[in-house]
């Protein structure tokens, strides 16, 4: 690997870790919002709407033109169907099964990304990368810890969320020529439109106290603007499979922050699982770029 390729890969790993850490903060912040009586669709409307507005401004400031034609409609579909669909599947799964089991099923998506990449993109995974995927998946299971039983419908919904998210990632990696801020702005704006329509039908409750609104703004800015933009930028540099593996750091961050901020206790098995995930990501970072990774100088995809 050339020094420039190594720098690009290191940057991609850093961006993917930034995205995972930002996403990982969301569950803790969202607990504060839910404790104030807010409902999920209301939270999602504010999250998507505020993030989309900020990203539209950032895209203009950075002189990133919004896409037109096929790339535009592809991103609209990914936002309105993919991102919103994944969120709704996951939300309804939480009504049927425990949060731990839902999270466990969702985090099978990195392995699904590797499979879909091989099938749809003919991205033949390397043996070392497959080992990293397996280690990261095992580490995620251990980090999430013991889970309760669940109904069949809830399990299917959670698995559906993983399938939709994995498909979203793989298809996003095929949209080229659009800046990361413009990409995120289109995806989140289209998602916000769908969620506003759902909110008009359901009239969900919003938070009342200033501290809950502050947490919700942090969800929009850190857990969405930073997280989604960094994810798309990492996807351009690493490709879908490696980006998905690095993203398994997210539950490690969530559980670690919950322990520090909310006082939730970690078992030795959970700590060990977190170490396994971090080791898998570190091993992946030392590998060369995958064959299907974006070529030198190629534009940032969605």
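The values are calculated or read from the model by the stated rules, or taken from the named source; none is laboratory data. Just so we're clear, the structure is a prediction, and the values are computed from it rather than from any experiment. Cβ atoms come from the backbone with ideal geometry, glycine included; neighbour counts cover every protein chain shown.
See the values below:
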read-out: Qualifying residue in the stretch 196-204 (condition: under 22 Å from residue 120 (Cβ atoms) and surrounded by fewer than 24 Cβ atoms within 10 Å (Cβ to Cβ)); value: no
read-out: Checklist (1) over 22 Å from residue 23 (Cβ atoms); (2) crowded, with 19+ Cβ neighbours inside 10 Å applied to residue 69, failing item; value: (2)
read-out: Filtered residues of the stretch 257-272 (kept if in a helix (DSSP H, G or I) and in contact with a helix residue (DSSP H, G or I) (Cβ under 7 Å, 6 or more places away or on another chain)); value: 257, 258, 261, 269, 270, 272
read-out: Residue 18 farther than 24 Å from residue 197 by Cβ, in contact (Cβ under 8 Å) with a residue 60 or more places away in the chain and in a helix (DSSP H, G or I); value: yes
read-out: Which numbered condition residue 118 misses (of (1) touching a helix residue (DSSP H, G or I) at 6+ places or on another chain (Cβ under 8 Å); (2) under 25 Å from residue 78 (Cα atoms); (3) modelled with pLDDT of 70 or more); value: (1)
read-out: Members of the stretch 183-211 found to be farther than 30 Å from residue 14 by Cα and in contact with a helix residue (DSSP H, G or I) (Cβ under 8 Å, 6 or more places away or on another chain), listed by number; value: 193, 194, 195, 196, 198, 199, 202, 204, 205, 206, 207, 211
read-out: Yes/no for residue 70 being under 28 Å from residue 163 (Cβ atoms) and more than 21 Å from the chain's Cα centre (by Cα); value: yes
read-out: Of residues in the stretch 63-74 being outside any loop (DSSP other than H, G, I, E, B) and in contact with a helix residue (DSSP H, G or I) (Cβ under 8 Å, 6 or more places away or on another chain), the one farthest from residue 189 (Cα to Cα); value: 74
read-out: Options 49, 12, 77: the member that is crowded, with 21+ Cβ neighbours inside 10 Å and either touching a residue at least 24 places away in the same chain (Cβ under 8 Å) or in a helix (DSSP H, G or I) (or both); value: 12
read-out: Residues that are on the phi < 0 side of the Ramachandran plot and touching a helix residue (DSSP H, G or I) at 6+ places or on another chain (Cβ under 7 Å), drawn from the stretch 166-180; value: 166, 167, 168, 169, 170, 171, 172, 173, 175, 178, 179, 180
read-out: Residues satisfying the stated conditions in the stretch 198-246, i.e. under 30 Å from residue 6 (Cβ atoms) and outside any helix (DSSP H, G or I); value: 239
read-out: Every residue from the stretch 26-41 that is out of contact with any helix residue (DSSP H, G or I) (no Cβ under 6 Å at 6 or more places or on another chain) and buried (at least 21 other Cβ atoms within 10 Å of the Cβ); value: 38
read-out: Top-ranked residue in the stretch 86-103 [being touching a helix residue (DSSP H, G or I) at 6+ places or on another chain (Cβ under 7 Å) and surrounded by fewer than 20 Cβ atoms within 10 Å (Cβ to Cβ); ranked as modelled with the lowest pLDDT]; value: 100
